[in-house]
Amino acid sequence: MKVLHIIDSGGLYGAEVMLLNLVDEQIKLGLQPTICSIGKHTISEKPLESEALKRGFTLKKVRMHAGPNILGAWKILQFAHHEHFDLIHTHEYKGRILFGFIPNKLRKIPLITTLHGWTHARFFSLLQIYYWLEIKSLKHCGAAIIVSNAMRSNPRLKHYRKENL
C-alpha cells in the first residue's frame, strides 16, 4: 500500500516526530509511505525534510504560495495519481482544507487525517477561519485519527461522525 503523508511543517515538533515514527513503522509493515512536505518558495529545506532524508525516507518537497493554494493542491493530487498512491493522509489544517474540499469523484484516492491538536485562536483571526474551514472539510475525510482520548470531547468535533473518529 502506498501512502502519501501531507504536511506543512514549521519545525520538528510533536506532529512531525509522530509522523516520522509513523513512517518508520509503516515501512516495517511493508507499506510504501512518502512524506509530501509543503512549504513556501523561499524555504530551501525544512527541519522535517532534513530529518526524513537523514532517516532514508522517501520525500517529495512541494513549494507553493502561502494560503489556500488550489493549484498547488492540484499538482500534489496529480503526483499522487501518477505515482499510484492508495491513500492520502494529511497531518495539519492546510492539507485538510486543500484536500478535504476536493470532491471524492475528482480526488479518487481515499483521504484520512490526523488531528494533532489545536492551539487557541483569537476570535475573528485568520487562524480561526482556517479552523472553521478545517472542521467543515472533515466531513470529506474517510477517518480522522486523534492523538488523545481528551480530543473526543472537543466541541469542534461535535458534528463529526464518531464512528469515523
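The values are calculated or read from the model by the stated rules, or taken from the named source; none is laboratory data. The structure displayed is predicted, hence computed values, not measured ones. For neighbour counting, all protein chains shown are included, and Cβ atoms are generated from backbone atoms with ideal geometry for every residue, glycine included. These accessible areas exclude ligands, DNA and RNA; they are computed on the full protein's heavy atoms, side chains included. Shrake-Rupley method; radii C 1.70, N 1.55, O 1.52, S 1.80 Å.
The largest accessible area among 82, 140, 91 belongs to the first residue in 82, 140, 91, and the rest follow in falling order (1.4 Å probe, all chains).
Translational diffusion of segment 17-92 was estimated from the Stokes-Einstein equation, with Rh taken as the Kirkwood radius over Cα pairs; at 25 °C and 0.890 mPa s the coefficient is 184 µm²/s. Across the options 141, 124, 153, the greatest Cα extent toward the positive end of the charge dipole of the chain (unit charges at beta carbon of Lys, Arg, Asp, Glu) belongs to 124.
When shorter helices are ignored and each DSSP H run of at least 4 residues is given -39500 (n - 2.57), the per-residue value for the chain at 222 nm works out to -10500 deg cm²/dmol. For the chain, a crude dipole built from +1 on the beta carbon of Lys and Arg and -1 on the beta carbon of Asp and Glu, taken about the Cα centre, is about 540 debye to the nearest 20.
Working note: Debye formula, equal point scatterers on the alpha-carbon atoms of segment 40-79, no solvent; log10 I(q)/I(0) at q = 0.25, 0.31, 0.32 Å⁻¹ is -0.91, -1.03, -1.04. Lysine pairs in segment 8-99 whose alpha-carbon atoms fall under 18 angstrom of each other, counting only those eight or more residues apart or on distinct chains, come to 14. Translational diffusion coefficient of the chain (Stokes-Einstein, Kirkwood radius from Cα pairs, 4 °C, 1.567 mPa s): 80 µm²/s. Of the residues 79, 85, 101, ranked by 1.4 Å probe accessible area with the largest first, the sequence reads 101, 79, 85. The alpha-carbon atoms of segment 1-61 define a convex hull whose volume equals 66 cubic angstrom per residue.
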